[in-house]
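The numbers here are math on the coordinates, done by the rules we state, and not lab data. The structure presented is a predicted model; accordingly, all values stated were derived computationally and were not measured. Here the Cβ is made from the backbone with ideal geometry for all residues, glycine too, and neighbour counts use every protein chain on show.
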Amino acid sequence: MNDNMSSNLKIIIVGKSGTGKTSFVNRWVKNKFVETYKATIVSEYSSKTYKYQDKIYHINLWDIAGQDHFAQITKTFAKDAHGCITMADATEPVSLTETIKWKNVLDDTETFADGGKLPNILVENKADLIEDGEGEASDSKKLEEFSKNNGFDGCFRTSAKTNLNIDNTIEKLMSIIVRRLTAVSEKENNVDKKCLLIDPENHSEKDKYRTKQGGCC
């Protein structure tokens, strides 16, 4: 891992109102769960230091309001984000379909450092309510298929109440972010330090490099 990579990462959490985004954040950041529900107004900010692959990261989490008229707000808070968690409610199937809308907003708004789409993990929250008899049990294979077909980078069924897969979700997202940032950093270092020599007579690539001085490329 490149030690010059930024240790400050911005992650946003989007999804329909009532899917449990704030509860997810509170469980991961504070390791607590509150039964009462209070809708997020515009956004809520939390932060946590997180050790991943022997490096300490400062994670900035933005929990974005889920009402439809806050789509423009989502675009604003997506700026400079490194990754996203898009959330659905396991007891409300329509909220899973609506994750496509939120993902499209992000894909059309912000790109990752490598020019690709933001790393985005699909989460189906409130799995504990399914076990308690609310809603219909979802099919994990269908969730995985939905995730793959709609361009998500992975999926988890979670519960903020029981702490199911909360850490796994963050770890998966971090693995993607760090891997892609590392690739970008290494590519930039190679461009800065090395320049491929081209044979002026036959334009073939010689199997050697020289340190870039001035502007050889």
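Neighbour counts of C-beta atoms inside 10 Å place Arg27, Arg180 in the sequence Arg180, Arg27, starting with the fewest. Placing pseudo-labels 7 Å out from each Cα toward the beta carbon at Ser175 and Ile100 gives an inter-label distance of 2.8 nm.
When each of Lys30, Lys101, Lys10 is scored by the number of other beta-carbon atoms lying within 10 Å, the sequence from fewest to most is Lys30, Lys101, Lys10.
Using the Cβ-Cβ distance between Asp167 and Val191 with R0 set to 35 Å, the FRET efficiency works out to roughly 0.45.
In terms of other Cβ atoms within 10 Å, His58, His82 run from fewest to most in the order His58, His82. Identify the residues of the range 165-181 with backbone N under 15 Å of a label point that sits 7 angstrom from the Cα of Phe33 along the Cα-to-Cβ direction, or state none. Zone members listed by number: 165-168.
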